[in-house]
Amino acid sequence: MTLTLAPMEGVVDAYMRDILTRIGGIDLCVSEFVRVSNHVYPASKFLGYCPELEQNACTPAGIPVHVQLMGGDPLVIADNAAFVATLGAPGIDINFGCPAKTVNRRDAGATLLQWPDRLHAIVAEVRRAVPSHIPVSAKMRLGFSDKSLYLDNALAIEAGGAEKLTVHARTKLEGYRAPAHWEFLAPIREALKIPVVANGEIWTVDDYRACRDISGCDHFMVGRGIIARPGLALEIAAMLRADDPLALLSWGEILDLLETYDRLLVSMDNPNRQAGRLKQWIKLLGRTYEQATELFQEIRRLKEPCEIVDVVRANRDRHA
Ligand SMILES: Cc1cc2nc3c(=O)[nH]c(=O)nc-3n(C[C@H](O)[C@H](O)[C@H](O)COP(=O)(O)O)c2cc1C
């Protein structure tokens, strides 16, 4: 079994990857997508999305980070993939799932799911351009407006030479609304020889178990679930070892993580964004921790990161 931390633009950046991989249980990370539209981008662009490239392409906890590319032109993606490989990317992932209108209007992301032959051409061109020891993978949704092409798309990606396929079990039209349609993953897994990674709506150990049972998959990717419940990967690992169920990380531990996150964010050198990221995480934690919902009410109007952290500290003193 492997567990991958999902790429999440504006949420799972190098700071969040650092925090979550320190906790443990994550085997692989994928960077936020880097959109490539008409030329080979400079190294600074890729290092911005994946600063780990300068540290052996691993998080400080030693977990590898693959670089995700997104675009509709096979040659442009391939040239960028070849370049990012020279920067030390240990794997290239191709995004066929982004639902954003601005992205889809520009012929990238989930819109490509309407043309299996285009998926094939993109994967094949990237595979051709990247040294053979560097894995090329792809991430897709079940379709654009409906699921009619889900198997054709998966088969096209495999035939193009991908070594792994992650499937977010929803169409573009279904956005991020529950449920995720895990039942569509089993036929993909059965039709493909490459590993299929199940993704979508895994928030708890019970969700993980249900997804595994329905999909028959051995590999999983978690996104919002592990942001909202940072101990999720450890809880799953304990369950697989048949240990006693692992307790939820305590609220005190979460407050410590928030403080560490804030210290890492300082290097952004952008207090507005730093405050935004702190608020965003506290809000998402509210899905698991009701204390986070209360904390969010206290900090939502604060502008300075240090003001937010003061409230986090006061909260910890109260909960100590
Ligand atoms: C805010 C946000 C940003 C995302 N950014 C990306 C991205 O850059 N690349 C990608 O392949 N998927 C992206 N996704 C999709 C996630 O990787 C994942 O497929 C989706 O959230 C479903 O998994 P989950 O239910 O575990 O969150 C994003 C999702 C969200 C909510």
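Structure summary
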{"item": "Spans of helices (runs of 4 or more DSSP H) in segment 112-193 with at least 3 residues among the small types (Gly, Ala, Ser)", "result": "116-129, 150-160"}
{"item": "Conditions (1) surrounded by fewer than 24 Cβ atoms within 10 Å (Cβ to Cβ); (2) out of contact with any Gly (no Cβ under 8 Å at 6 or more places or on another chain); (3) in a helix (DSSP H, G or I); number of the one not met by VAL103", "result": "(2)"}
{"item": "Odd one out for ASP206, checked against (1) under 20 Å from MET8 (Cβ atoms); (2) more than 14 Å from the ligand (Cβ to nearest atom)", "result": "(1)"}
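Yes/no per residue for (1) in contact with a helix residue (DSSP H, G or I) (Cβ under 8 Å, 6 or more places away or on another chain); (2) at negative phi:
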position: SER137; (1), (2): no, yes
position: GLY143; (1), (2): yes, no
position: LYS147; (1), (2): yes, yes
position: GLU158; (1), (2): no, yes
position: LYS164; (1), (2): no, yes
position: LEU173; (1), (2): no, yes
position: PHE184; (1), (2): yes, yes
position: PRO187; (1), (2): yes, yes
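Residue-wise test of (1) closer than 23 Å to ALA78 by Cα; (2) within 20 Å of the chain's Cα centre (by Cα); (3) not assigned by TED's automatic domain parsing to the domain that holds ALA129.
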{"position": "VAL167", "(1), (2), (3)": "yes, yes, no"}
{"position": "LEU173", "(1), (2), (3)": "no, yes, no"}
{"position": "ALA186", "(1), (2), (3)": "no, no, no"}
{"position": "VAL196", "(1), (2), (3)": "yes, yes, no"}
{"position": "THR204", "(1), (2), (3)": "no, yes, no"}
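The values are calculated or read from the model by the stated rules, or taken from the named source; none is laboratory data. Computed from a prediction, not measured in an experiment: that's the story for all the values here. Quick reminder, even Gly has a Cβ in these numbers, built from the backbone with ideal geometry, and neighbours come from all protein chains shown.
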